[in-house]
Every structure is written in structure tokens, then in C-alpha cells.
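One structure is given below, encoded as C-alpha cells.
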Amino acid sequence: MFSIIQAAGWPIWPLIASSILALALVIERFVSLKTSKIAPPTLLGEVLALTRQTVPGPDVVNQLESNSALGEVLASGLRALNANPRCSEDELRSCMEGTGRRVAHRLERYLNALATIASAAPLMGLFGTVVGMIEIFGSQPAGTTGGNPAELAHGISVALYNTAFGLIVAIPSLIFWRYFRGRVDEYLLTLELSSEHLARHLNNLRK
């Protein structure tokens, strides 16, 4: 592996740094976007059952808020109702929407960085290719038809290795970005539908 890095020359080092960063982002997103941390499947049902008779107190609401991202959104609605029992359904929805936007921003964290790596890696590989081509032409003395074979081989290796490594970094980064983007969109839809359900439930509870 080290011999490949040597053959690729100095342009490959930004690609190596990008690959390490992309791997760290992928691992972080896998850990942070677990279903149990974002939208536990049974949480909405538990909250609806808990609020069937009355709105729970601050201690229960605080516990719900720390449960997950979905719990944070639902807890904001319950907290608004505890603070003002006469708040309208629109105010209740607005409160949960505001919390939902903060949660959405948190869920989308680092996705732009991963997308940037996926877009920039082929360009960095192309840059390495250009450097290799420059070395190839620079190794040929002016007015001659031949060149130093070792220098020609080095220039070709720099060009090809950087092109290949740029694609190796870009393709998985793009795949994981698309995967996480879809997962976040699915979570956001779940949060939106759950908050709508709770808002209707709480409004019916007060009637």
C-alpha cells in the first residue's frame, strides 16, 4: 500500500485525508442515526396512552424529551400545553414545528461535508492526473523525441493512481450520502406525522 502511495506522488495525500474524513463521517452518522435514538417505533403509542386522560407533568415531559429526537418534538407540545392549557391547536403545532426544525438541522449534520467529499474527490483525482501529465511532458527535453523511461513511468503512475483513488473515495461517499439523505428524510416524515397525530389527540382531549 505504501508503495502505491509513493508511486502516486504528493497529490494523493489530500485524497487520503478526504478518505479518512469520509470514513469518520460515515461511522458517526451510522451511530447518530440509529432508530432507537431518533424515532423509536413504540414511542408515539406510549405517549398517546399516557395522555389519554390528562397531560403529564414536567418530570415525565423532561424524561420524554431525553428519550429520542421524536420524544423531543412530542415533549415540546406537551410542555407548551402545560405552560398554557388554553393554547390553540395552531400554537401547539407551531411549537412542535419549531422543535422539529432544530431536530432536522441536527439530523442533517455532516451530510453536506460528505456530499462535498463525494463531489471534490474526482476533481482532486483529476488534479493528480494533470500533475502526472505535467511530469511526463516535463521529463522530455526540448527538441527530442524520447524521454527518460523512469520519469515517464513515474508520471504515468501519478496520473493513473490519482484518478483511480479519486473514484475510490468519491463512489462510496456518494453512496453513503444518498443512503443517509434518504434515512433522514424518512425520519423527518415520521416526526411530522407523529407530531400531527399528537396535536389532534391533545386537541380532542381538551374538548
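When the gyration tensor of the range 89-130 is built from Cα positions, what are the square roots of 5 times its three eigenvalues, in whole Å, from largest to smallest?
Gyration-tensor ellipsoid for the range 89-130: 41, 7, 4 Å.
Throw me the Rg/Rh for the range 2-205, computed over C-alpha atoms with Kirkwood Rh, two decimals.
Rg/Rh for the range 2-205 comes to 1.31.
Given S68, W10, H105, which one lies farthest toward the positive end of the charge dipole of the range 1-105, if we put +1 on the Cβ of every Lys and Arg and -1 on the Cβ of every Asp and Glu?
Working it through, the farthest residue towards the positive pole turns out to be W10.
Once phi is turned into θ = phi - 60°, what whole-Hz ³J(HN,Hα) does the Karplus curve with 6.51, -1.76 and 1.60 give for every residue of the range 108-115, x standing for Gly and Pro?
8, 4, 6, 5, 5, 5, 5, 5
Where does each of 171-179, 52-60 land if you order them by average Cβ count within 10 Å, highest first?
171-179, 52-60
Which residue, C95, A115, A159, has the largest displacement toward the positive end of the dipole of the chain when charges sit on each Cβ (Lys, Arg +1; Asp, Glu -1)?
C95
About its Cα centre, how strong a charge dipole does the range 2-205 have in debye, to the nearest 20, once Lys and Arg get +1 and Asp and Glu get -1 at the Cβ?
Approximately 200 debye in magnitude.
Using the Cα atoms as the points, what is the convex hull volume per residue of the range 155-207 in Å³?
On the way: hull volume 2.0 nm³, N = 53.
Measuring per residue, one finds 38 Å³ for the Cα hull of the range 155-207.
Could you work out [θ]222 nm for the chain from helices alone, using -39500 (n - 2.57) per DSSP H run of at least four and dividing by all its residues? Round to the nearest 500 deg cm²/dmol.
The helix contribution divided over the chain gives -27500 deg cm²/dmol.
Positive end of the charge dipole of the chain (Lys, Arg +1 and Asp, Glu -1 on Cβ, about the Cα centre): tell me which of F180, S195, A39 has its Cα farthest that way.
So the residue furthest toward the plus end is S195.
Output wanted: per-residue J couplings in Hz (rounded whole) for the range 86-93, from phi through Karplus 6.51 cos²θ - 1.76 cosθ + 1.60, θ = phi - 60°, x for Gly and Pro.
Computed from phi, the couplings for the range 86-93 are 9, 5, 6, 5, 5, 5, 5, 5 Hz.
Hey, with R₀ at 22 Å, roughly what FRET efficiency would Y179 and I16 work out to, going by the Cβ-Cβ distance, to 0.05?
My answer for the efficiency is 0.40.
At 1.002 mPa s and 20 °C, plugging the Kirkwood radius over alpha-carbon pairs of the range 9-64 into Stokes-Einstein gives what diffusion coefficient in µm²/s?
In µm²/s, the coefficient rounds to 143.
Each value in this text was obtained by applying a stated rule to the coordinates, not by laboratory testing. Remember, it's a predicted structure, so these values are computed and weren't measured experimentally. When we count neighbours, we look across all protein chains shown, and the Cβ atoms used for this are built from the backbone with ideal geometry, even at glycine.
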